[in-house]
Structures are given as C-alpha cells and as structure tokens.
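Below: one structure, written as structure tokens.
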Amino acid sequence: MRLIPTGSQTAGPFFRFGLDRPEWSDLTAGGKAAGKTIRIEGRVVDGDGAPVPDALLEIWQANAVGKYAHSEDRQEKPLDPNFRGFGRCATDGEGRYHFVTIRPGAVPGRGNAMQAPHVNLRVFARGLLKHVTTRVYFPGEALNATDPVLSTVEDLSRRRTLIADGASADGSPTVYRFDIVLQGKGETVFFDI
C-alpha cells in the first residue's frame with residue numbers, strides 16, 4: 001500500500017468549544033486589581049471586512065507598575081495579587097470581543113530601552129495555520145514616540161493599526177477600541193515572535 005500525502009489543514013474552528021473561558025476576559029479580579037481599569041474592545045474581520053465569528057484572542061501584559069507576572073521578569077517591582085496579566089476571549093457572531101483589564105505600566109525592553117505601555121495580543125482563527133501576534137498601544141502616550149518595537153514600523157499608516165482609539169466616560173473605565181484586520185486593506189501589523 002502506498003500512502004498519498006494530503007494537503008495541510010487548519011486545526012479548527014474548535015476554539016470556542018475547547019478554549020473559551022468567558023470569565024478570563026476580566027483580568028481585574030472583578031475590579032480589585034490596582035491601577036486604572038480599562039476596557040479594550042473591537043472586532044476581528046477578514047480581508048473582505050467580514051466578521052470572524054469564531055476567533056479566539058489571548059492577551060498578556062504587565063501590571064500597573066510595569067511588571068509581568070512571569071518568572072523571567074526580575075524587576076524589583078511589586079506583583080499585584082489581584083491581577084494575573086493574562087486573558088482570553090472568543091469573538092461573538094459579529095466578530096466582537098472585549099477585555100476588562102488595567103492600563104499597564106511601561107516596561108524595559110532590549111538594552112533597557114523603555115517600551116511604551118502596551119498589551120500583547122494573539123489571534124487564533126480558522127484559516128490561520130499559525131496564530132498571529134500584535135500589540136495594542138494607547139493613544140497620547142509619550143513613550144510611543146520612542147518605543148523600540150513600535151518604531152520598527154516605519155510606515156505611519158501601518159503603525160496606526162497598532163494604536164487603539166480611546167474614549168472615557170465619567171465614573172466608568174476608559175474604553176479603547178482596537179479592531180483587528182487579518183489581511184488586505186488596513187491589515188493590522190503582526191509580529192513574528
């Protein structure tokens with residue numbers, strides 16, 4: 001018997017069934033985490049602008065003082081016991097997602113160059129043989145101008161895809177909108193990591 005190779009396929013869409021944990025979209029322990037509570041929301045769309053209804057997003061970030069809850073972060077900064085620094089959210093039928101988190105502090109990068117406050121974001125979706133990774137930066141942040149990762153994106157229109165739109169309302173968390181375009185016109189910048 002001779003085996004004939006078959007074409008590769010993506011391993012999904014099983015994300016909602018196997019990996020969705022709705023409670024993981026709130027990184028603040030119900031509002032107990034130290035720092036400014038924010039909401040990051042948006043849509044995931046494909047190259048035609050159609051919503052991706054079965055994507056899974058993961059975020060990881062530093063706490064309000066700029067320390068990751070990770071053994072490799074050896075900074076002399078405190079960890080927040082009410083902030084885990086990792087979240088997961090599945091998109092709904094319209095490709096929408098949201099996270100409740102805190103605004104992260106700045107963190108040192110290579111050579112101790114300070115990185116602007118940001119949230120790392122990874123997207124898993126049907127049609128992707130490998131997940132894609134991007135960052136969410138915040139508008140009006142002074143460190144954006146010198147961030148060593150953001151400054152590698154020379155095309156200003158492409159760099160704009162990494163900066164969320166922000167708005168706030170009295171007495172409620174600041175809401176940042178961050179739409180993710182997987183390909184085509186206005187494609188979000190993704191990084192190889």
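The values are calculated or read from the model by the stated rules, or taken from the named source; none is laboratory data. Keep in mind the model is a prediction, meaning the values are calculated, not measured. We place every Cβ from the backbone using ideal geometry, glycine too, and count neighbours over all the protein chains shown. Quick note on the areas: whole protein, heavy atoms, side chains included, nothing else; ligands and nucleic acids left out. Shrake-Rupley method; radii C 1.70, N 1.55, O 1.52, S 1.80 Å.
Going 7 Å from the Cα of A50 in the Cα-to-Cβ direction, what parts of the range 84-101 have a backbone nitrogen less than 18 Å from that spot?
From the range 84-101, the list is 91-96.
Taking H as built 1.01 Å from N, whose amide H comes closer than 5 Å to the amide H of A116, not counting residues under 5 places away?
Residues meeting the amide H criterion: D147.
Over the Cα atoms of the range 54-193, each weighted equally, I'd like the Debye log10 I(q)/I(0) at q = 0.12, 0.22 Å⁻¹, rounded to two decimals.
Relative scattering, expressed as log10 I(q)/I(0), comes to -0.50, -1.62.
Please list, by residue number, every one of the GluC sites (Glu not before Pro) in the range 35-124 that is coil in DSSP and has at most 15 other beta-carbon atoms within 10 Å. Write out the running numbers ahead of the final one.
Values: sites: E41, E58, E72, E76, E94; in loops: E72, E76, E94.
Passing both the DSSP loop test and the Cβ count: E72, E76, E94.
Do any trypsin sites (Lys or Arg not before Pro) in the range 39-93 lie in a DSSP loop with no more than 14 other beta carbon atoms within 10 Å, and if so, which?
Numbers: sites: R39, R43, K67, R74, R84, R88; in loops: K67, R74, R84.
Passing both the DSSP loop test and the Cβ count: R74.
Can you list the HN-Hα couplings for the range 44-58, worked out from phi with the Karplus curve (6.51, -1.76, 1.60; θ = phi - 60°), rounded to whole Hz and with x for Gly and Pro?
Coupling constants for the range 44-58: 10, 10, 8, x, 8, x, 7, x, 9, x, 9, 8, 10, 10, 10 Hz.
Show the residues, 5+ positions off or on another chain, whose built amide H is closer than 5 Å to the amide H of G66.
G105
How do H98, H118 stack up against each other in accessible area, from largest to smallest, with a 1.4 angstrom probe?
Working: H98 65, H118 5 Å².
Final ranking, largest accessible area leading: H98, H118.
Please report the relative contact order for the chain, taking Cα pairs under 8 Å with a sequence separation of at least 6, and give it as a percent rounded to a whole number. Provide the component values of the computation, followed by the final result.
Numbers: 429 pairs, mean separation 50.0, N = 193.
Reported as a whole number, the value is 26 percent.
List the chymotrypsin sites (Phe, Trp or Tyr not before Pro) in the range 45-111 that DSSP assigns to loop (not H, G, I, E or B) and whose Cβ has at most 16 other Cβ atoms within 10 Å. Which are they? If you can, show how the numbers build up before the last one.
Details: sites: W60, Y68, F83, F86, Y97, F99; in loops: Y68, F83.
When the chymotrypsin sites (Phe, Trp or Tyr not before Pro) of the range 45-111 are filtered for loop state and at most 16 Cβ neighbours within 10 Å, nothing remains.
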